[in-house]
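Structure first, then comments.
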Amino acid sequence: MKYRRLGQTNLDVSVLSYGASPLGGVFGNVNEDVGIRTVHTAVDHGINFIDVSPYYGDTKAETVLGKALQGIARDRYFLATKCGQYGQEEFDFSAARVTRSLDESCARLGVDYIDVLQCHDIEFAEADQIVNETLPALVKLREAGRIGYIGITGLPVKVFSNVLDQVGPGIVDTVLSFCRYELNDSALADMIPYLQSKNVGIINASPTGMGLLTPRGVPDWHLATPTMCEVAKKAVDFCTTEGVDIVKLAVQYCVAHPDIATTLVGTSKPQNIEANIRYAEEPIDQELLSKVLEILEPIHNHNFTRGLPANLDELIPAS
Ligand code: NAD
């Protein structure tokens, strides 16, 4: 496993990291013991960065992850969780709520310190509240030594500049972007020079586009349009005929970007995380990659979006 420095933090994170949302049943029912084994497998094979949120499975992901972490020494992993989102339509980025949220997450996770606490999906919040209320509350927690670093997460990449343009240096340490650097989208890559100028560490999530680039396809809550699913399926089927699992290419494509510190992949199955780690260590098949990118070209950067109107990217949604 390779490791990269996460921006200006002192965290050297594995280039492939573990996203624990599936432990909350987000992608289907999960056997708790199997989920716990998945976490252990990830850490035993060199993954040292784990991401979760109270929102995933209505706190279940944090609870199951907490059980898994009981068996792992605290210095073997960096732990990131989130605050501000508590249900599909339930957001509260007030100072009081995010402060209480840290205590609740620590209790569920069985830890007394969070390495990175992130404002969860700020496209659903007014930038003004994040800048003037939420981030100052997180700075107090960081100064008190309760958390190591502060992050923001979101789907439209515009949310990052909306906030970073308004805060001083050293307030936000990391950004977590999802579904915007994957085989069918490269919007995050275009933003990297800007993010580097703001000295923030870059976390990429969802290399398969939350299931889009898998043989199983997307779960029913997914916002991908029928066109996205149709074109993605062509890419999946092409890989299958070439004898390659598209997940392999999806993981390799993401971890190969030198300016993305880490890519979070989610799964509740030990064999999947083991395969993903193996993929991350093998060289990418450039010829296959070119062909798959060509198949995906009709939907390239035509992704779904969501959030308050002021926070949306100017995308051309795929029909
Ligand atoms: P993902 O692209 O990692 O895909 C997960 C899906 O791929 C699951 O259905 C899983 O079973 C499947 N999968 C994984 N490895 C596989 C393999 N080897 N073979 C077959 N199928 C495989 O999407 P994700 O889980 O949503 O994203 C990863 C993590 O990133 C999340 O768990 C979460 O921690 C984080 N994330 C954060 C945000 C946010 O902060 N807003 C949003 C999305 C994701």
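Treating only the Cβ of Lys, Arg, Asp and Glu as charged (+1, +1, -1, -1), what charge dipole size does the range 3-311 show about its Cα centre? Round to the nearest 20 debye.
It comes to approximately 440 debye.
Going by average Cβ density within 10 Å per residue, which order do the peptides 276-286, 252-262 take, highest to lowest?
Going from most to least packed, we get 252-262, 276-286.
Name the residue from Val30, Ile47, Leu195 whose Cα lies farthest towards the positive end of the charge dipole of the chain, charges +1 on Cβ of Lys and Arg and -1 on Cβ of Asp and Glu.
So the residue furthest toward the plus end is Ile47.
Quick one: the Cα spread of the range 3-311 along its three principal axes, in angstroms, biggest first?
Principal axes ranked by extent give 54, 43, 34 Å for the Cα atoms.
Could you give the length gained on full extension between Thr240 and Glu104, defined as 0.36 nm per residue of separation minus the Cα-Cα distance, in nm?
Length difference between fully extended and current span is 44.6 nm.
Run lengths n ≥ 4 of DSSP H only: what is the helix-derived mean residue ellipticity at 222 nm for the chain, with -39500 (n - 2.57) per run over all residues, to the nearest 500?
That comes out to -11000 deg cm²/dmol.
Going down the list Lys60/Lys269; Lys82/Lys233; Lys82/Lys248; Lys67/Lys140; Lys233/Lys291, which pairs span over 22 Å between their C-alpha atoms?
Over 22 Å Cα-Cα: Lys82/Lys233; Lys82/Lys248; Lys67/Lys140.
Of Gly71, Gly217, Gly145, which is the most mobile in a GNM of the chain whose springs link Cα atoms less than 10 angstrom apart?
Result: Gly71 has the largest fluctuation of those listed.
Computed over the Cα atoms of the range 150-285, what is the convex hull's projected area averaged over all directions, in nm²?
8.9
A short reminder: the numbers here are calculations on the coordinates, not readings from a lab. Bear in mind the structure is a predicted one, so any value in this text is a computation, not a measurement. Using ideal geometry, Cβ is built from the backbone for each residue, glycine included, and neighbour counts are taken over all protein chains shown.
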